[in-house]
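Colleague: Let me begin by handing over the structure; questions about it come next.
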Amino acid sequence: MRSPSQQVYPNDLAFPYRSLVRLGLLVTFLIVYGSLVPFEYRAATWDQAIDQFTHIPWLDIGVGSRADWVANLVLYLPFGFLVCGALSARSLALAMLATAILGTLLAIGVEFLQIWAAPRTVSLNDIVAEIAGTLVGLAVWAIFGRRLVRTAQAVLMGGPQALRAAVILYLLAYCFVTLFPFDFLVTSVELHARIADPKAIVWIPRGVSSMRGLVSLLLKAALMAPLGAVVRLVWQRGMAVTLVAAFALSGLLEIVHWFEYSGQTDALSIAVAMAGAAAGNLFVRSALLFEQSLTPWIRRAAMLAAPFYLALLPVVRGWKHAHASRALIEQTLASTHWLPFYYHYYSSEGHALASFVSISASFVPLGVLAWAMRLRPGESAGRARSFLPVAIVAFFLALILEAGGLITADNRPDPTNVLIAMGIAVFSQRACEWLARVLDDFPATARVLS
């Protein structure tokens, strides 16, 4: 293991302008694709389009539609961030100006194209939100951009420095997902209505005793486990600090939920978060103290857990103890659209994110099992292995789950779920390999309680 003086720090690496260009082009493609889905043509002549675009209405932003406005802003934020970063090699001021112009042109151009895209609506609200998102993105780059890129580079490098960097990115992503769609209450009338709502604050939310509810609780605990791991590795603290940190973070997020139109504050989420952080702390301590002897046990545990995971997965994905009629299945298939992310347009932002998180949670264990079952005594647990096997298994497993949901419960199949399953399974395998390398390089002082 290298000493701290021998560590290669991110500032020694070339700044990845080309990667920012590629990511910026990818985000631009996703913006255009996401703005034109479901790609249903609406007839309009050029003169009609010009006339309609010159009379774009300003729609009232009520509390129920506020999430859609914020989603447009969030959609363009990465564009502003990445494009400004890609253009900032010589002059930050010119990059900010160019990014603002490009973001404005993109927003106007996409909204103009939506005139021919049914059932899309064109409004000044969307254009203002998209331009605002671009401006926020370039402002974030100007203030934090280079630091965030260096942080991402540190994560990819591995070693103790990687974990310190990764926790920053992880907590940012965790807070973003938890608080999305950011439909905050902004008027006194809305706040008074929330105060009068007896369901705004509950001890235990409804539905937690169902299978989906229990899986949701496990997911919340798993998402907080990295915090407990970081308390052990970076701060070198034990269980008491872990519980306090988890209580503070989850408690603050629950307070913020009270100010969201679609949010609900509950005490159970705080308790589950604390339990997840405690489990993460204990797991990392065991991994550090018994690193060599733990490898075969992890592999055996994965072998035993795999059948239970495969048996539980259909239940979580909505299979029933019945089957739909042939006529109903044929009718469902005839009305199914196979375009990726087609159905996300017809759902709310919160439901779309919940669907993504649900699919991701279902297939993260597959990547973990793929990593654990390929461990061999004497080999590094962080050795990078081919991702093709887990991608192929995820593809066929997701297909089976979609088909089974259709047959047993008449659930509409969605190719988007297959794509998400493959990506998440590969990502979780790579994450396990990365974490194993980080633990292997971590200083010995972290292996005992301070």
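The values are calculated or read from the model by the stated rules, or taken from the named source; none is laboratory data. As the structure is a computational prediction, the values presented were derived from the model and not from experiment. A quick note on method: Cβ atoms are made from the backbone with ideal geometry, for glycine too, and the neighbour counts reach across all protein chains shown. Side chains are part of the model used for accessible areas, which takes the heavy atoms of the whole protein and leaves out ligands, DNA and RNA. Shrake-Rupley method; radii C 1.70, N 1.55, O 1.52, S 1.80 Å.
Colleague: Exactly one condition in (1) under 24 Å from Leu223 (Cα atoms); (2) hydrophobic (A, V, I, L, M, F, W, C); (3) modelled with pLDDT under 95 is false for Ala394; which is it?
Modeller: (3)
Colleague: Follow-up question, since we're still on this one. Taking the condition of being open to solvent by less than 30 Å² (accessible area, probe 1.4 Å) and either closer than 25 Å to Gln48 by Cα or more than 21 Å from the chain's Cα centre (by Cα) (or both), how many residues in segment 133-173 meet it?
Modeller: So the answer is 4.
Conditions tested, residue by residue: (1) aromatic (Phe, Trp, Tyr); (2) surrounded by fewer than 16 Cβ atoms within 10 Å (Cβ to Cβ).
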residue	(1), (2)
His257	no, no
Ala273	no, no
Trp297	yes, yes
Arg300	no, yes
Pro307	no, yes
Arg317	no, no
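Colleague: Ala200 fails exactly one of the following numbered conditions: (1) open to solvent by 30 Å² or more (accessible area, probe 1.4 Å); (2) at pLDDT below 85; (3) not β-branched (Val, Ile, Thr). What is the number of that condition?
Modeller: (1)
Colleague: Among the candidates Ala95, Ala43, which residue alone is at negative phi, open to solvent by less than 50 Å² (accessible area, probe 1.4 Å) and aliphatic (A, V, I, L, M)? Explain how you work it out, then say what you get.
Modeller: Numbers: Ala43 fails: open to solvent by less than 50 Å² (accessible area, probe 1.4 Å).
Only one candidate qualifies: Ala95.
Colleague: Scan (1) within 19 Å of Phe308 (Cα to Cα); (2) touching a residue at least 40 places away in the same chain (Cβ under 8 Å); (3) under 24 Å from the mean Cα position of the chain (by Cα) for the single condition Met373 breaks and write down its number.
Modeller: Every listed condition holds for Met373 apart from (3).
Colleague: Being within 30 Å of Pro296 (Cβ to Cβ) and surrounded by 19 or more Cβ atoms within 10 Å (Cβ to Cβ) is true for just one of Ala384, Ala372. Which residue is that? Before you say what the answer is, go through the steps one by one.
Modeller: Numbers: Ala384 fails: surrounded by 19 or more Cβ atoms within 10 Å (Cβ to Cβ).
Answer to the selection: Ala372.
Colleague: Considering only segment 217-237, how many residues are in a helix (DSSP H, G or I) and open to solvent by 50 Å² or more (accessible area, probe 1.4 Å)? It would help to see each step written out before you state the result.
Modeller: Going residue by residue through segment 217-237, those that are in a helix (DSSP H, G or I) are 217-233.
Those left that are additionally open to solvent by 50 Å² or more (accessible area, probe 1.4 Å): 218, 220, 222-223.
The qualifying residues number 4.
Colleague: In addition: Which members of segment 178-197 meet the condition of being assigned to a helix (DSSP H, G or I) and surrounded by 14 or more Cβ atoms within 10 Å (Cβ to Cβ)? Spell out the reasoning first.
Modeller: Residues of segment 178-197 assigned to a helix (DSSP H, G or I): 178-179, 188-196.
Listed by number, the residues that qualify are Thr178, Leu179, Glu190, Ala193, Arg194.
Colleague: Quick check, is Glu254 within 25 Å of Ser358 (Cβ to Cβ) and free of Cβ contacts under 8 Å to residues at least 24 places away in the same chain?
Modeller: Values: within 25 Å of Ser358 (Cβ to Cβ): yes; free of Cβ contacts under 8 Å to residues at least 24 places away in the same chain: yes.
In short, yes.
Colleague: Moving to a separate point now. Out of the residues in segment 65-92 that are among the hydroxyl-bearing types (Ser, Thr, Tyr) and farther than 15 Å from Gly24 by Cα, state the one that is least open to solvent (accessible area, probe 1.4 Å). Outline the logic, then answer.
Modeller: First, the residues of segment 65-92 that are among the hydroxyl-bearing types (Ser, Thr, Tyr): 65, 76, 88, 91.
Next cut, farther than 15 Å from Gly24 by Cα only: 65, 91.
Values: Ser65: 55, Ser91: 36 Å².
The extreme case among them is Ser91.
Colleague: Among the listed residues Gly85, Gly145, Gly103, identify the single one that is at pLDDT 85 or above and touching a Lys or Arg at 6+ places or on another chain (Cβ under 9 Å). Explain how you work it out, then say what you get.
Modeller: On the way: Gly145 fails: touching a Lys or Arg at 6+ places or on another chain (Cβ under 9 Å); Gly103 fails: touching a Lys or Arg at 6+ places or on another chain (Cβ under 9 Å).
The unique qualifying residue is Gly85.
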